[in-house]
Structure formats: C-alpha cells, structure tokens
Amino acid sequence: MKIPPVKGTRDFYPPIMAVRNTLTDGWKAASIRNGFEEYDGPIFEMLKMYQVKSGDEIVEQLFSLQDRGGRDLAIRPEITPTLARMVNQQINALPRPIKWFSVPRLCRAERPQKGRLREFFQWNIDIIGIEEVLADAEIIFCAVDYLRSVGLTDKDIVVRVSSRRMLAEVLKAIGIREDQLDPLYALLDKINKLPPEAFEEKLVELVSDSGQRDKIQALMQAQSIEAVAQVTTLTDAARSAVDELNRLFDTLNTMGISDYCIFDISIVRGLAYYTGVVFEIYDREKTLRAIGGGGRYDNLLKQFGGPEVTATGLGMGDCVLGILLEEKGLMKDLPTRNLDFFVACADAQYEAKAIEITAILRSAGKITNYSYKTGALGKQFKQASEQNASKTIIVGSEVENGQLAIKDMASGEQTLVDWANFVGQLG
RNA sequence: GUGGAUGUAGCUCAGUUGGUUAGAGCACUGGUUUGUGGUACCAGGGGUCGGGGGUUCGAGUCCCCUCCUCCACCCCA
C-alpha cells in the first residue's frame, strides 16, 4: 500500500535539507551575534493556551488532539504563547533584559498556497523588559542584519514600520472612541487591498461622522511621520507617540539601516495584541506576501497570568524567504557532503587497511568515507568527486612500504606519504 | 471554507480526429577502463498514464466523482 504524504508538508531530501539548514543556521548565527540566547518549548501545548489570545477562528486553524486522559492539546501554531508561559514561570529569576530566540517547527491547518504551508519553520526573536524603542530598533536591526548576510540588499527588501500607539492616539485625537479602535484597525490594515470605494463604504459603517472620516482618509494618505502630525491637533499622548516613532527612525539611522526602512501608516497588523511599534518586511516589488513581521506587545505576559512586562519581537517564516532567495538567485546548489578524505582501495587484499585508515581519520575528526566496493579505482574516484572529497587516499601496494598515495582532488596533484608521519600530524 | 488550473518514469516534458508493445532529455545502475574523478561513448533498470467509475470493439486521449499540487479569495498568530 502506497501512503501519500500529508497535505501541506514537505519532505526534506538531502539537497533540500541543506537549503533548510542554511536558512536556520543563518537565523541562529544572526541571533547569536546580536546577543540573543536560544530557547525552545514542547511541540504541543494545552489547547487553552491558544484560545486565550484570540477567538474561535484561530482555533479552527489549529491541529488539535486529545491525549488518553482527555486533555485537549494543540500542535503549536506559533511559539509566542510558549515564550510567555516560560518567561512567566521564572519571571523573578531571569536576568533582564531577556533576549531570546528560537527556530520552532510550527503547524497551522490552513489551506496551502504560495509561501504558506501547513508545516514550516519560523525564526522568532524577542526582547522582554525594555520599554524604550531602542529594543524595537534592535529587533529590526537583527532582522536586517540576517537578511543582509544572505545577500539581500535594500533593492530587494524593505521594512515597513509604523506604530500602533501612534495610530491609536491620533485616531483618539480625531475623536474616535476607544471601543471603535479594534474594528477600525482591521479595516485600516486592508486599505491597500480594498478598492477606495469599498474602503470608504466600510469606513462609513464604523465611523458615522464625516469630518472624522475625512481626517482618517487624510491620515492614511500620510507618507511621513510629519504628515501624520499635521492631520489633526495632537494631544500630549499623540505627540509623545509621534516623538517615539521619530526616535526609532533616528536609531535605525544610527544603526546604518535607514535605507532598508520606511514609514508606512498602513502597517497595522491583524491581531489585537500589538501596542506600539509594528513592522512588516516585504520584497521591494511586493510580489510576495510578507517575509516577516513583528512589533511591541506589552500585555501578552499579563494575558498568560504573569505581571505586566513590556516586550517586542519578530517572526519570520522559512517559506516566503525561501521563495525570495530562490528568485534572487541567492540559493546556490549546496553540497550535502564535504569530505576531508575519501579512502580508495586499489585491491581487495588491502580492504582491512582501508577500513583501519578510515577509522583513524574519523577518530582524528576528519570527515571520511570509503567505498564499500573495492575494485575499479575509477569508480571510487567518481564517488570521491560526488562526495566533494578534498583529498583521496589510495590504499594499494605502497602500504607494504608503510606509504600511501594522497591525491588533491582540486589540483590533481598526487604525493606519496609516509603513513606514520601523516598520522602523527593529524592531531 | 469558496472559485479556477493542473496531474504521463525520480525530475522536466512529448504523446496526432480515441487505434497494436506509451517516448525523449536529465538523473540512476552497469560497462568501455583490475592504479585515477569531475567532461565522452555503449547498454540497462524504472510507468496500474494520480485513484475510482462510466461511454466504446478499443481510453493516456471523451464524460462523471474523488485525491493531490498550483493560483486567487477568506484568514494570516
């Protein structure tokens, strides 16, 4: 019986695995050089954990199961709730600031399409306990640092940055009530997806006052933070939110990444828990969905039963990023093996010697393979090439004199060496 | 969840108005080559034509259902 793979999943054959490792290793390296520590949690959590933050719609997109004790569990669709749980559990023992990263495997029961599968990897970095926008700047810098390290330039990608807090305060200054904000965010987030008439139509449903609507329309047209400040008379709170976003851009400039970052008022982000800076990373042509996104969430720990602690972070999935790197030609064919030595055996009578030599090389930390079939030496050289061996050792009649032939596969040069000396130099 | 497109060898694809034993390139295995690879030449293995049902003397080809993949919408933590 042939059993098909599960919808929306991928099989990582060695060449694809090499690509995946390149992505995840790059994420880890960028995290570490930016001063983050790695953590991970379980692959499933209590189903409840994902119901706290959001409604049933999200629960519908979960893979859930019951254990034999009847507990409702879910495979993690994101790792932020786990992070919140873990941090809450040890909140008094953890030195601040908490700078943690993770590269979890996540599952969501969504319909697969371009850049979105049911199982994927997502880079997460979070800074917990720092209120200043410096932390938001650090998150953005770390993301850009990574993207730059894989060869993407400011011609390829852009970080679109805004502030939930600024948006909220300016809307309130316009006269929008607190309880109107959440549905309004959902609409404003779609401004570039909806035709202008449809947007206006839906805006009328949410905001009855035409003067307020005009100001909201003007606000959404703002191309700069200054333009936002001119939409209406700012309250002190709004002024402070504007100043904060300006400070963020100043810091991004100091960090040398302002070419990668632009202000974009339409970045609101779907869900309710963002409280300050929000951003999304896109390809410049915007032909793909967002590569990653994040922002400040000040209430999350509290929602999971902890104290009120400020936090900011980012998530970046492997699917869209992989497509972009492929399109930009930055995903080279990666070797799945890189041997230091391939041990070829010229004659079956020396096979034991070849095995012994291989074992010695491996024990000395050298990446070594040998052929399971002695016989045609040409075949063995072919294998050595296929396995990207840098040197091939020929075990043949020379061993009678304690010698071996070593061929450099790149230059083709071959030398006879004294085996005992060679082993002595391995350490 | 809604709508559209697709499915032939491991991969990329040919396959005529329905007609005998379904092909190519690449990949794989073996050989040319019992002391020398990355290029060459020769040979070989590999297909229930996504699955099921129907029309027909006859279906890879036409019809219906279903599954997968892709694309758009919904959603996007």
Selection from the stretch A:10-42 of residues in a loop (DSSP other than H, G, I, E, B), surrounded by fewer than 13 Cβ atoms within 10 Å (Cβ to Cβ) and within 15 Å of RNA strand B (Cβ to nearest atom) yields A:Asp11, A:Phe12, A:Tyr13
Within the bounds of the stretch A:260-269, is there any residue that is near RNA strand B (Cβ under 10 Å from one of its atoms), modelled with pLDDT under 95 and closer than 22 Å to A:Gln221 by Cβ?
yes
Qualifying positions in the stretch A:112-134 - crowded, with 22+ Cβ neighbours inside 10 Å and in a helix (DSSP H, G or I):
A:Val133
Can you say whether A:Pro5 is within 11 Å of RNA strand B (Cβ to nearest atom), exposed (fewer than 13 other Cβ atoms within 10 Å of the Cβ) and not β-branched (Val, Ile, Thr), as far as the supplied structure shows?
yes
Could you run through the stretch A:367-394 and say how many residues are more than 20 Å from A:Ser411 (Cα to Cα) and part of a loop (DSSP other than H, G, I, E, B)?
6
A:Val52 vs (1) more than 11 Å from RNA strand B (Cβ to nearest atom); (2) farther than 21 Å from A:Glu308 by Cβ; (3) in contact (Cβ under 8 Å) with a residue 24 or more places away in the chain: all pass except (2)
I'd like to know if the stretch A:160-176 contains one or more residues that are farther than 24 Å from A:Val204 by Cα and surrounded by fewer than 21 Cβ atoms within 10 Å (Cβ to Cβ).
yes
Do the conditions hold for A:Ile216, that is, is it in the same structural domain as A:Glu131 (by TED's automatic domain parsing), among the hydrophobic types (A, V, I, L, M, F, W, C) and under 24 Å from A:Ile291 (Cα atoms)?
no
The stretch A:101-117 residues that are at negative phi, paired with ones that are within 11 Å of RNA strand B (Cβ to nearest atom) and polar (S, T, N, Q) (beta carbon under 6 Å, 6 or more apart)
A:Ser102/A:Asn124; A:Leu106/A:Gln122; A:Arg108/A:Gln61; A:Ala109/A:Gln61; A:Glu110/A:Gln61
Looking at the stretch A:230-245, which of its residues are of a type in the set (S, T, N, Q) and surrounded by 16 or more Cβ atoms within 10 Å (Cβ to Cβ)?
A:Thr232
Only one of these conditions is not met by A:Leu288: (1) of a type outside the set (Val, Ile, Thr); (2) within 26 Å of A:Leu152 (Cβ to Cβ); (3) modelled with pLDDT of 95 or more; (4) surrounded by fewer than 17 Cβ atoms within 10 Å (Cβ to Cβ). Which number is it?
(3)
Restricting the stretch A:332-389 to residues that are among the polar types (S, T, N, Q) and loosely packed, with under 14 Cβ neighbours inside 10 Å, which is nearest to RNA strand B (Cβ to nearest atom)?
A:Ser385
If you check A:Gly8 against the conditions, is it under 20 Å from A:Glu78 (Cα atoms), of a type in the set (Gly, Ala, Ser), touching a residue at least 12 places away in the same chain (Cβ under 8 Å) and in contact with a Leu (Cβ under 7 Å, 6 or more places away or on another chain)?
yes
Can you name the residue in the stretch A:392-422 that is among the hydroxyl-bearing types (Ser, Thr, Tyr) and touching an Asp or Glu at 6+ places or on another chain (Cβ under 9 Å) and is also nearest to RNA strand B (Cβ to nearest atom) among such residues?
A:Ser397
Does A:Glu356 satisfy the criteria of being without any contact (Cβ under 8 Å) to a residue 40 or more places away in the chain and within 42 Å of the chain's Cα centre (by Cα)?
no
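The values are calculated or read from the model by the stated rules, or taken from the named source; none is laboratory data. All figures in this text were calculated on a predicted structure; none of them were measured in a lab. We place every Cβ from the backbone using ideal geometry, glycine too, and count neighbours over all the protein chains shown.
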